[in-house]
1. Which one of the conditions (1) surrounded by fewer than 20 Cβ atoms within 10 Å (Cβ to Cβ); (2) in contact (Cβ under 8 Å) with a residue 40 or more places away in the chain does residue 3 fail to meet, given that it meets all the rest?
2. Select from region 1-21 the residues that are farther than 20 Å from residue 123 by Cα and assigned to a strand (DSSP E or B) and list them in ascending order.
3. Is it true that some residue in region 75-93 is part of a helix (DSSP H, G or I), buried (at least 18 other Cβ atoms within 10 Å of the Cβ) and out of contact with any strand residue (DSSP E or B) (no Cβ under 9 Å at 6 or more places or on another chain)?
4. Considering only residues that are in contact (Cβ under 8 Å) with a residue 24 or more places away in the chain, within 24 Å of residue 60 (Cβ to Cβ) and assigned to a loop (DSSP other than H, G, I, E, B), which ones fall in region 119-160?
5. What's the number of the condition residue 43 fails, among (1) more than 25 Å from residue 138 (Cα to Cα); (2) part of a strand (DSSP E or B); (3) in contact with a helix residue (DSSP H, G or I) (Cβ under 7 Å, 6 or more places away or on another chain)?
6. Hey, can you tell me all the residues within region 161-182 that are over 14 Å from the mean Cα position of the chain (by Cα), under 27 Å from residue 58 (Cβ atoms) and either modelled with pLDDT of 65 or more or surrounded by 17 or more Cβ atoms within 10 Å (Cβ to Cβ) (or both)?
7. How many residues does region 46-56 contain that are part of a helix (DSSP H, G or I) and surrounded by 19 or more Cβ atoms within 10 Å (Cβ to Cβ)?
8. Tell me whether region 22-30 contains one or more residues that are in contact (Cβ under 8 Å) with a residue 40 or more places away in the chain, on the phi < 0 side of the Ramachandran plot, in contact with a strand residue (DSSP E or B) (Cβ under 6 Å, 6 or more places away or on another chain) and not in a strand (DSSP E or B).
């Protein structure tokens with residue numbers, strides 16, 4: 001409909017390593033009511049706000065200690081190391097519970113792009129004051145929603161300016177993740 005050239009779509013996640021463990025930050029569908037086991041810190045609606053009353057129409061944002069990304073073996077052009085600074089890594093971990101939770105797949109925040117898993121990761125990176133500009137999807141692909149996360153992060157005042165972060169951003173190919181960008 002938008003007459004964009006066909007390309008691969010990518011889903012982003014973060015792995016943050018600190019001495020006490022590795023944390024996975026990701027937005028996914030809500031598979032069951034065991035969110036605490038997966039480190040769920042927030043949920044939001046999918047498609048429309050009213051549909052979010054039903055689990056099948058909700059997403060969760062995870063800060064999962066010693067968690068895993070189910071389809072990480074299918075990752076393309078990743079991981080990308082963003083930094084090695086422990087203080088900044090802790091800042092990222094602190095920010096995850098503050099991620100906005102607008103309706104998934106919609107532009108409820110007026111950014112010109114839909115909100116999705118890529119928005120969550122872009123928001124966390126930008127709010128951590130890591131430069132998101134060098135982070136690009138693999139050649140020939142795009143990460144819908146990335147722009148939305150950056151716009152929303154820029155609208156909010158940054159707090160302290162941390163140096164850098166030891167994070168790996170994971171791109172997975174379409175169809176290989178339970179939370180696809182469409």
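1. That leaves (2) as the condition not met.
2. Matches in region 1-21: 8, 18, 21.
3. Looking for residues that are part of a helix (DSSP H, G or I), buried (at least 18 other Cβ atoms within 10 Å of the Cβ) and out of contact with any strand residue (DSSP E or B) (no Cβ under 9 Å at 6 or more places or on another chain), one finds at least one in region 75-93, hence yes.
4. Those that are in contact (Cβ under 8 Å) with a residue 24 or more places away in the chain, within 24 Å of residue 60 (Cβ to Cβ) and assigned to a loop (DSSP other than H, G, I, E, B): 128, 130, 135, 137, 143, 144, 145, 156.
5. Looking at each condition in turn, residue 43 falls short on (3).
6. Scanning region 161-182 gives a single hit, 173.
7. Total meeting the criteria: 1.
8. no
The values are calculated or read from the model by the stated rules, or taken from the named source; none is laboratory data. Since this is a predicted model, take the numbers as computed values, not measurements. Backbone-built Cβ (ideal geometry, glycine too); neighbour counts: all protein chains shown.
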